[in-house]
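K.L.:
Pasting a structure below so you can have a look.
The values are calculated or read from the model by the stated rules, or taken from the named source; none is laboratory data. Just so it is clear, the model here is predicted, and its values are computed rather than measured. Methodologically, a virtual Cβ is constructed for each residue, glycine included, from the backbone with ideal geometry; neighbour enumeration extends over all protein chains shown.
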Amino acid sequence: MFQNKKFKYLVYYVAGVMALLLILNSVLKSARTEHIKYSAFEKMIEEKTIKEVQITDNQIVIIPKEQEGVSQKIKYTSNIEKTNVRPLIDKLKAADINYDGPISNNDPIKGFFVNWILPILMFMLIGRIIFGSVEKKMGSGVMSFGKNNAKIYGENETGKTFDDVAGQDEAKESLVEIVDFLHNPDKYVEIGAKLPKGALLVGPPGTGKTLLAKAVAGEAKVAFFSLSGSSFVEMFVGMGAARVRDLFKQAEEKAPCIVFIDEIDAIGKSRDSAVGGGGNDEREQTLNQLLAEMDGFDSSKGVVILAATNRPEVLDKALLRPGRFDRRVIVDTPDLKGREAILKVHAKEVKMSDDVELEGIAKSTPGAVGADLANMVNEAALLAVKKGRKAVIQEDLEEAVEIIIAGKEKKDRIMSDKEKRIVAFHEVGHALVAALLKHTDPVHKITIIPRTMGALGYTMQLPEEEKYLVSKEEMIDQITVMLGGRAAEEVEFNSISTGASNDIEKATQTARNMVTIYGMTERFDMMALESVSSRYLDGRPIRNCSDNTAALADEETLKIIKEAHDKAINMLEENRELLTAISERLIDKETLMGEEFMEMVNNFKNSEEVVEEKVSIGKDEEDTMV
Ligand code: ADP
Ligand code: MG
Ligand code: ZN
């Protein structure tokens, strides 16, 4: 059975050509020649209707004289015994008929050659030309049967260094060894130390995995061969494996070098059907080839394989065995310092005004990865150009943050006054609950300027410092803040809108996590009802409890949400005046900054408790208010 599609195409092509030739040959022959008996030929001589005769070893071709009603194109053939040729010639001479021959042009080999081989060769040539152009378009060798078509995967030097990768110090540290190994492999070989053949860069998208791999090659000043796992997906069966073979062959020739396989999960998915469902021959073949190549080559030659993925848990176990990608390098979402460092790296590429303060920008972008931050700096530069500035100023950066976080400002979008009121109360509801609760992040900004990404308004809260642990009280307060938007709608309008869907989803998720993952309820104590398979997967936890328990867990979740909802409503009812005052101001100004907001809150609350002024930074609250 031929798995190879290209081979199939070729078979079809050749069969088609043969059929065509067969038809052509028979049509040509039958249309122009008619076989007659020798006696009939003799009769023709007597009747003098012959113009010319061609004699070959065993056949004569008779071309008749032009005649009315008979096309001159018609020829007659007749068989002739070899011994009869001489007498025939004498006869023709006597009858004064022109003749040609005897020639032995009818030998079967030559005939076969002329009738079959030559046309086939011609068709092959034409086919080559046609397929050749298709091949170029499709970027893979249709006619090359998976042979080495010498595609170059490498760039000689990437030109990137570790300095280009900011905020990934731990990852860099674990890769320094590999750089050193590539610099002088002899040092390691002498002692007999075996370096890992491959390292797997693991982390969320945009954190700089590809960049890091290039930086390793750049630091070591070696060639960099790269291949993306996803590029195998649309390839012909068998091509993936051929490419892998090809890649390693080239790499070995160019050692020392780095082979980088990006998005390796596309080919390295677990082969058992539990993950991903159903087999995929092509992927499996490619994976097998990759495993074979990794086992086959000698790492002392100086070929190091790096691979990147954001879903390590779906990888086939075989890939992670010793001697393969046994070393993992975590490339995580950067923290505050990391973000500042990344911003600094990218700020070098654009003209920045001197008073730009990157720390503030880093503070207002928790959760952003390197790619986002690079994007922000570029966006800020574009804004500066648009506003006719020579250098990027802080304001541009701040606007860029908002663009990246919440989508572009869409000032021309018109909301009805009624909608605007609802959105304003909703957002102030979030903000006010946040301000009145103890364990919450300070409000940084409230706005009702619609964004393209679906949020009609948002309240931005920013933590004062990076947090790694969240307490139960904080989680409950977070939920209360999330529900504050809807609560405000209820308090003010006594009716509710669809605008809280995002809040509801987030609040439910947080409450559920408290119950099932963090052991924060009395009922379930410290029992895990769900386990998070991996933070890099879609983050969806897997339930591991009985249906009954699950139902109880739902109840507990609902209880938390209900309590928080009631609390939010009570708080807003108690502070109804304040809610209205701030909302009116927001409708007026469309955007309120944290300080202004806190001032209003404090003025109102002066007599009662003093709400401490908190200065800003962190999670943003987004709503789709339709
Ligand atoms: P990944 O491969 O992890 O998805 P990339 O390496 O492709 O991410 O990152 C995309 C871009 O984001 C890079 O080209 C770079 O401009 C920027 N970037 C990402 N992480 C960093 C970082 N740690 N330092 C500097 N720039 C970064
Ligand atoms: Mg990448
Ligand atoms: Zn909301």
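K.L.:
Under 7 Å by Cβ, and 6 or more places apart or on different chains, what pairs join a residue from segment 201-215 that is more than 15 Å from Phe225 (Cβ to Cβ) with one that is assigned to a loop (DSSP other than H, G, I, E, B) and within 9 Å of ligand 2 (Cβ to nearest atom)?
P.N.:
These pairs meet every condition: Gly203/Asn310; Pro204/Asn310; Pro205/Asn310.
K.L.:
Got a sec? Which of Lys420, Lys445 is assigned to a strand (DSSP E or B) and either modelled with pLDDT under 90 or touching an Asp or Glu at 6+ places or on another chain (Cβ under 7 Å) (or both)?
P.N.:
Numbers: Lys420 fails: assigned to a strand (DSSP E or B).
One residue alone meets the criteria, Lys445.
K.L.:
Here is a follow-up. With the condition kept exactly as written, say whether any residue in segment 496-516 is among the charged types (D, E, K, R), without any contact (Cβ under 8 Å) to a residue 60 or more places away in the chain and farther than 19 Å from Leu456 by Cβ. Before you say what the answer is, go through the steps one by one.
P.N.:
To start, the set of residues in segment 496-516 that are among the charged types (D, E, K, R) comprises 503, 505-506, 512.
If we keep only those that are without any contact (Cβ under 8 Å) to a residue 60 or more places away in the chain as well, we get 505-506, 512.
Of the ones still in play, those that are also farther than 19 Å from Leu456 by Cβ are 512.
So far as segment 496-516 goes, yes, one or more of its residues are among the charged types (D, E, K, R), without any contact (Cβ under 8 Å) to a residue 60 or more places away in the chain and farther than 19 Å from Leu456 by Cβ.
K.L.:
Within 14 Å of ligand 2 (Cβ to nearest atom), over 18 Å from the mean Cα position of the chain (by Cα) and either among the small types (Gly, Ala, Ser) or modelled with pLDDT under 85 (or both), is that true of Ala241? Walk me through it before giving the result.
P.N.:
Values: within 14 Å of ligand 2 (Cβ to nearest atom): no; over 18 Å from the mean Cα position of the chain (by Cα): yes; either among the small types (Gly, Ala, Ser) or modelled with pLDDT under 85 (or both): yes.
Taking the combined requirement at face value, the residue does not satisfy it.
Residue by residue, here is whether (1) more than 16 Å from ligand 1 (Cβ to nearest atom); (2) under 21 Å from Met460 (Cα atoms); (3) not assigned by TED's automatic domain parsing to the domain that holds Gly203 holds:
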| position | (1), (2), (3) |
| --- | --- |
| Ser353 | yes, no, yes |
| Glu357 | yes, yes, yes |
| Ala371 | no, no, yes |
| Asn378 | no, no, yes |
| Ala384 | yes, no, yes |
| Ala391 | yes, no, yes |
| Val423 | yes, yes, yes |
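K.L.:
Then there is this: Just checking, does segment 488-500 include any residue being at pLDDT 95 or above and either surrounded by 24 or more Cβ atoms within 10 Å (Cβ to Cβ) or more than 18 Å from Asn575 (Cα to Cα) (or both)?
P.N.:
Yes, segment 488-500 contains at least one residue that is at pLDDT 95 or above and either surrounded by 24 or more Cβ atoms within 10 Å (Cβ to Cβ) or more than 18 Å from Asn575 (Cα to Cα) (or both).
K.L.:
Here is a follow-up. Which numbered condition trips up Leu373, out of (1) touching a residue at least 12 places away in the same chain (Cβ under 8 Å); (2) surrounded by fewer than 23 Cβ atoms within 10 Å (Cβ to Cβ); (3) farther than 19 Å from Leu201 by Cα?
P.N.:
The single condition Leu373 does not satisfy is (2).
K.L.:
Continuing with the same structure: For segment 174-217, how many residues are more than 9 Å from ligand 1 (Cβ to nearest atom) and in contact with a strand residue (DSSP E or B) (Cβ under 8 Å, 6 or more places away or on another chain)?
P.N.:
14
K.L.:
Run down Gly388, Gly367 and say which single residue is at pLDDT 90 or above and assigned to a loop (DSSP other than H, G, I, E, B).
P.N.:
Just one listed residue meets the conditions, Gly388.
K.L.:
May I pose another question? Could you check Leu572 against (1) in contact with a strand residue (DSSP E or B) (Cβ under 8 Å, 6 or more places away or on another chain); (2) modelled with pLDDT of 95 or more and say which number it fails?
P.N.:
Condition (1) is where Leu572 drops out.
K.L.:
Among the residues of segment 201-218, is any touching a Phe, Trp or Tyr at 6+ places or on another chain (Cβ under 6 Å) and either surrounded by fewer than 22 Cβ atoms within 10 Å (Cβ to Cβ) or in a loop (DSSP other than H, G, I, E, B) (or both)?
P.N.:
The answer is no, given that none of the residues of segment 201-218 is touching a Phe, Trp or Tyr at 6+ places or on another chain (Cβ under 6 Å) and either surrounded by fewer than 22 Cβ atoms within 10 Å (Cβ to Cβ) or in a loop (DSSP other than H, G, I, E, B) (or both).
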